[in-house]
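The values are calculated or read from the model by the stated rules, or taken from the named source; none is laboratory data. This one's a predicted model, so the numbers in the text were calculated from it and none came from an experiment. Please note: Cβ atoms are built from the backbone with ideal geometry, for glycine as well, and neighbour counts cover all protein chains shown.
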2 protein chains.
Amino acid sequence: MSMNFRLLRRVFFGQALPTKRMKHQLLPKYLALPVFASDALSSTAYATEEVLLALSLAGAMALPYGVPIAVAVCALIAIVALSYSQTIMAYPTGGGSYIVACENLGLYPGLIAAAAILTDYVLTVAVSIASGVAAITSAVPVLINHKVALCLLFIGFVSLANLRGSKESGKLFACPAYLFILCLLVMIGAGFFQYVVHHGHLQPLTHETLSASQPLTIFLILRAFASGCSAMTGTEAISDGVPAFQEPQSRNARTTLFWMAAILAVLFFGISFLAHAFQAIPKPDETIVSQLARGIFGRGWFYYVIQAATAMILILAANTSYADFPRLSSILARHGYAPRQLANLGDRLVFSNGILLLGVFSAVLVIAFHGNTHSLIPLYAVGVFMAFTLSQAGMVRRWWLHRGSHWKLSATINAIGAITTGVVLVVIAVMKFTHGAWIVCVLIPLIVWHFIAVNRHYRICKEQLYIGTETPRRYLRHHVIVLVPGIHRGVLRALAYARTISEDPEGVYVEIDPAQTSQVVAEWRQFGMDTPLRVLKSPWRSMTEPVLGYVDMLLNEEKVDLVTVVIAEFVTTKLWHRMLHNASGLLLKLVLLFKPNVVVTNIRYVLHN
Amino acid sequence: MSMNFRLLRRVFFGQALPTKRMKHQLLPKYLALPVFASDALSSTAYATEEVLLALSLAGAMALPYGVPIAVAVCALIAIVALSYSQTIMAYPTGGGSYIVACENLGLYPGLIAAAAILTDYVLTVAVSIASGVAAITSAVPVLINHKVALCLLFIGFVSLANLRGSKESGKLFACPAYLFILCLLVMIGAGFFQYVVHHGHLQPLTHETLSASQPLTIFLILRAFASGCSAMTGTEAISDGVPAFQEPQSRNARTTLFWMAAILAVLFFGISFLAHAFQAIPKPDETIVSQLARGIFGRGWFYYVIQAATAMILILAANTSYADFPRLSSILARHGYAPRQLANLGDRLVFSNGILLLGVFSAVLVIAFHGNTHSLIPLYAVGVFMAFTLSQAGMVRRWWLHRGSHWKLSATINAIGAITTGVVLVVIAVMKFTHGAWIVCVLIPLIVWHFIAVNRHYRICKEQLYIGTETPRRYLRHHVIVLVPGIHRGVLRALAYARTISEDPEGVYVEIDPAQTSQVVAEWRQFGMDTPLRVLKSPWRSMTEPVLGYVDMLLNEEKVDLVTVVIAEFVTTKLWHRMLHNASGLLLKLVLLFKPNVVVTNIRYVLHN
């Protein structure tokens, strides 16, 4: 690694951190809230809109059903938060769905939960970024044609921020998260004030009318509810991230969870209520939040602050996934279900490979779905609720197995959570199946199959590498040959090496033009240090085949364990000079790579200029 | 190399040929003529057209000047053929311009001639193929939009035929060449017969009129003459290819040269005369030969035979270059002015790398010039006449130096050749400079510079590799370290290897997580065969940097000549399994590649499944 490359790395990723600074990266509550809760909170920016979009199929008259649906979702939030607070206390080292399901329900439920939740992290990044860009294009319509490019830009930005490490990202993301919460609370307060002042008779935001294309059925209301459940994505983040909190970890995490749930419920209900009060109608080019902000404050500076805060929290919400996807992958990697590289701590004490993987996957999603939030959301909630259900069901079984004090109350709370989220899972999967949920239903089994295949490979490797009871060999029967293309300094150095590592090395010359052999033999007699030289004939002018044949003969007939082929290799200082040398050494190396019991040793000879 | 790959190679390139079959590849005269003369002969398909195209700028009245210009070109053909017949006799082992200029005028004129002639071979392929495709599109106009694709197809076809070897290609190309000569002779005969029968008053081929855009000046006539000289490309091919003839090589080659010159002159003059007699006018969508054939025979079957034969000989004319470009490159490579790989005989006893290079360069030209013959031709004749001039001048000096019998006559013949072609060279370069000849004028010095740079590199290498008077070292001071990522079979095999090649190897463990060190140390004590283990601390979690540091210390402080780093490497049977193993070994190998006096030895351990 050259100095320049290192410098570049320092500029982008910051100074490398020694392992002993690990502890210093832990987050206080006020920083943990923006890091872990921005996903959940930011979903209020699109959840109401998704509900209204589903209802609008039955015309304007169906829209008021948004308010009771919001109440139902808020109740669900309360149930899930209560359930997860028990998980946090029970699993102080991090109780993601994978861990909980694995420990209490068995390996396969655990892997299914892991697959579901990993899929979801990727979707969180894609949906949040796409939705954040929608907030920007609502305020600045000229940018609408550059949606995908903007999305990719932001994915790159968040990835980079996370490669620098989680403490820095906590600080980076705290401001916008709190600004967003403040702005929306002010907007909801102001909106509610206007509602009270006008005795509930507000000027509608739009004069457009909605014509019904479907009757208002229970089916449609369930579909709207399924859409509203997208508000709940990210709720499990905190329980997975307990080890990132400052001590006392569990208590701090639980407090943060309750705060998050409360803020989430207030914002989601508030927006849904205002959307009803102002008779907002979902539009393709302007978000509901943008419509409300414009209606309540006019297109003044505060409108732009709200849009900016919304965009920022959405884009930074992706950060929740960046905190958790690498962490979960590293756990899977340590358990042997994902490639080991995902468990490596990078320069900055973060799981760099997981961060990069998440960035790539979500960029692919954004490109495939043209940065369109509405087409991504149906893929979204299935994974979340699958993980919720498995995790809560795991907790129920855990309480039953341990039967500590108050175990019946705890089990009941988690059972309610499990049953509720299970029912919602079925509703979402059925209602959204044809809209994209089928993709996730196909993907999750594939990912689980991949986990199992990886694990099988690692297990087989371990068995094969296990030393066991047999005594390992102390020495190998070994024959060393030096390839002699001609007699020069490079070859003599290779010969000296061969003589150093073996008592009876041998030179090997491949005869392509018989006219040259006698000269090579004569020079070898002079410089070959009494080492024997074997001349291999090559009637077909191949450099590799005679050597391969001779090596085979040594292995099969001479019964040596290993043949070392020493090749003098030129190293040139200019790249194009490399092309001026016969590539036969390289070719031979490649061919020998596929032969067992052959070691190719390149003795490099540096050519100056 | 797997069996499948070999089989595929056999199907495309034929069975590999042993070196001793070299002699059998020599060509009898009747096969040598199509192989070496099709370039020169085929140029009659476009040379007349190029002359008329230049003249047509001065209107229809200028076109009759085509006939005297044709006579001048025929005279030039005679002079050049006579000159070259002397070269053939003087250089029985092949007297291309490079050899002749080099030997008699010095290195730089030789290299200039070589660069000119190599450029020309590439242009021959591009022009001939483009012009052959024009013959096809004249007869089948719907193909005109696929010109470039057709060109590339034919380049691929000719390249493949040549990779199979020259004997086969001789046979492959004999038929179309003789068919073309026959067809054109019949056409010229029939046309001349009609001319005589009608007492010189033939129906004009077209009723279109040509308006003059320029006055008819001597300048314009010279430009037309310069265009006509494109008929002479390929004349030198035979003198370069003498060793490919059957014995007696020189005499056979000379006879073939005279036959070629005679046929060339007859065809070129015949077509030019008929074009005048039938008052043919050059058109963008139909060639002159196509117009004549249609005028003389009507659009019947014989018209199509003529077009097909023209297309075939043009496309196969490229073959002349495929016989000579690789041969000349191999000579340059043997002399150390071109990369050595160009001197390797392939499986089928042909210079495969030269063939591939020619195919690639000409394909690039065809793409760059959109397969347009007219825009390629101005680049063409400069190189040819530069080579002619240098070669003939070299011959003059040779006669003067040797002063054998009749040396004055011989010198005079070559002097006339040199002066004539020299004057023509100046005319062509000046007249065509702005039309594209400048490209060649820039390219040739660049190629010459490249020859010199390659040679300089080879010379410096040779000096550095020269053993000289100092006594080479018989042994090296050597330290062997085995990288220990953990204790398993693969590492123990690497350790056994290290113990085999050194009396005091050492294990090296990089400590990333201090918690694991004691276990590794304990296991090493059990299985390490009394080899010492060194633990290198890595506070920044890098696998490579501590090893690099230790190797540096060994080289600098312990004064060893060479450090061998033995790394156990897993070989997996499935490619994706490779990705499941930490790449740190690979990374270390890469980093160590740039350190002198370090040998990295991979002891591969094959993991099944």
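When restricted to residues that are more than 24 Å from A:Asp513 (Cβ to Cβ), in contact with a strand residue (DSSP E or B) (Cβ under 6 Å, 6 or more places away or on another chain) and either modelled with pLDDT of 90 or more or more than 10 Å from every other protein chain (Cβ to nearest Cβ) (or both), segment A:556-577 contains 4.
Filtering A:Thr434, A:Thr500, A:Thr412, A:Thr421 for residues that are more than 14 Å from every other protein chain (Cβ to nearest Cβ), β-branched (Val, Ile, Thr) and over 29 Å from the mean Cα position of the chain (by Cα) leaves a single hit, A:Thr412.
Within segment A:588-595, is even one residue under 46 Å from the mean Cα position of the chain (by Cα), more than 8 Å from every other protein chain (Cβ to nearest Cβ), closer than 25 Å to A:Arg499 by Cβ and not in a helix (DSSP H, G or I)? The answer is yes; a qualifying residue exists.
Cβ-Cβ distances below 9 Å connect the following pairs, each with a first residue in segment B:584-608 that is farther than 19 Å from B:His479 by Cα and among the aliphatic types (A, V, I, L, M), a second residue that is exposed (fewer than 15 other Cβ atoms within 10 Å of the Cβ) and modelled with pLDDT under 85, and a separation of six or more residues or different chains: B:Val606/A:Pro596; B:Val606/B:Thr573; B:Leu607/B:Thr573. Could we say that B:Leu33 is in a helix (DSSP H, G or I), buried (at least 24 other Cβ atoms within 10 Å of the Cβ) and modelled with pLDDT of 90 or more here? Taking the combined requirement at face value, the residue does not satisfy it. Inclusion of A:Leu57 among residues that are at pLDDT below 90, closer than 28 Å to A:Ile439 by Cα, more than 26 Å from the chain's Cα centre (by Cα) and surrounded by fewer than 22 Cβ atoms within 10 Å (Cβ to Cβ) is warranted.
For segment B:448-471, the criterion of being β-branched (Val, Ile, Thr), buried (at least 19 other Cβ atoms within 10 Å of the Cβ), farther than 30 Å from A:Gln464 by Cβ and more than 8 Å from chain A (Cβ to nearest Cβ) is met by at least one residue. For B:Glu511, the stated conditions do not hold, so it cannot be described as among the charged types (D, E, K, R), within 11 Å of chain A (Cβ to nearest Cβ) and in contact with a Gly (Cβ under 9 Å, 6 or more places away or on another chain). Against the list (1) under 14 Å from B:Val484 (Cα atoms); (2) within 10 Å of another protein chain (Cβ to nearest Cβ), the condition B:Val598 fails is (1). Got at least one residue in segment B:241-254 being within 26 Å of B:Leu63 (Cβ to Cβ) and either in contact with a Gly (Cβ under 6 Å, 6 or more places away or on another chain) or of a type outside the set (S, T, N, Q) (or both)? Within segment B:241-254, none of the residues are within 26 Å of B:Leu63 (Cβ to Cβ) and either in contact with a Gly (Cβ under 6 Å, 6 or more places away or on another chain) or of a type outside the set (S, T, N, Q) (or both). Residue selection: A:Ala568 fails the criterion of being without any contact (Cβ under 8 Å) to a residue 12 or more places away in the chain and either out of contact with any helix residue (DSSP H, G or I) (no Cβ under 7 Å at 6 or more places or on another chain) or under 24 Å from B:Tyr458 (Cβ atoms) (or both). Within this structure, B:Val510 fails the test of being assigned to a helix (DSSP H, G or I), at pLDDT 90 or above and closer than 18 Å to A:Arg340 by Cβ.
Only one of the numbered conditions (1) touching a Ser or Thr at 6+ places or on another chain (Cβ under 7 Å); (2) surrounded by 21 or more Cβ atoms within 10 Å (Cβ to Cβ) is not met by B:Val491, and that is (1). Give the residues of segment B:304-316 that are over 12 Å from B:Val133 (Cβ atoms) and surrounded by 19 or more Cβ atoms within 10 Å (Cβ to Cβ), sorted by residue number. Within segment B:304-316, B:Ile306, B:Ala309, B:Ile313, B:Leu316 meet the criteria. If the condition is being in contact (Cβ under 8 Å) with a residue 24 or more places away in the chain, hydrophobic (A, V, I, L, M, F, W, C) and within 14 Å of chain B (Cβ to nearest Cβ), then segment A:295-347 contributes A:Leu332, A:Ala338, A:Leu345. A single member of A:Leu465, A:Leu483, A:Leu425 is among the aliphatic types (A, V, I, L, M) and at pLDDT below 90, and it is A:Leu465. For segment A:198-206, the count of residues that are in a helix (DSSP H, G or I) and either under 22 Å from the mean Cα position of the chain (by Cα) or assigned by TED's automatic domain parsing to the domain that holds A:Asn319 (or both) is zero. Return yes or no: is A:Thr564 under 46 Å from the mean Cα position of the chain (by Cα) and not charged (D, E, K, R)? So A:Thr564 passes the test.
Among the candidates B:Phe219, B:Phe245, single out the residue that is more than 20 Å from B:Ile79 (Cα to Cα), touching a Lys or Arg at 6+ places or on another chain (Cβ under 8 Å) and of a type in the set (Phe, Trp, Tyr). After ruling out the rest, the residue left standing is B:Phe245.
Against the list (1) crowded, with 18+ Cβ neighbours inside 10 Å; (2) facing chain B (nearest Cβ under 9 Å); (3) of a type outside the set (A, V, I, L, M, F, W, C), the condition A:Arg477 fails is (1). Only one of the listed residues (A:Thr531, A:Thr517) is surrounded by 12 or more Cβ atoms within 10 Å (Cβ to Cβ), under 30 Å from B:Val598 (Cα atoms) and modelled with pLDDT of 90 or more. That residue is A:Thr531. Checking the structure you have, find out if any residue of segment B:523-546 is touching a Lys or Arg at 6+ places or on another chain (Cβ under 9 Å), over 22 Å from A:Gln341 (Cβ atoms) and at the interface with another protein chain (Cβ under 9 Å from one of its Cβ atoms). Yes, segment B:523-546 contains a residue that is touching a Lys or Arg at 6+ places or on another chain (Cβ under 9 Å), over 22 Å from A:Gln341 (Cβ atoms) and at the interface with another protein chain (Cβ under 9 Å from one of its Cβ atoms).
Could you tell me whether A:Pro204 is under 30 Å from A:Val100 (Cα atoms), surrounded by fewer than 24 Cβ atoms within 10 Å (Cβ to Cβ) and in contact (Cβ under 8 Å) with a residue 12 or more places away in the chain? For A:Pro204, the condition - under 30 Å from A:Val100 (Cα atoms), surrounded by fewer than 24 Cβ atoms within 10 Å (Cβ to Cβ) and in contact (Cβ under 8 Å) with a residue 12 or more places away in the chain - is not met. Just one of the listed residues (A:Thr531, A:Thr469, A:Thr517) is in a helix (DSSP H, G or I) and of a type in the set (Val, Ile, Thr), and it is A:Thr517.
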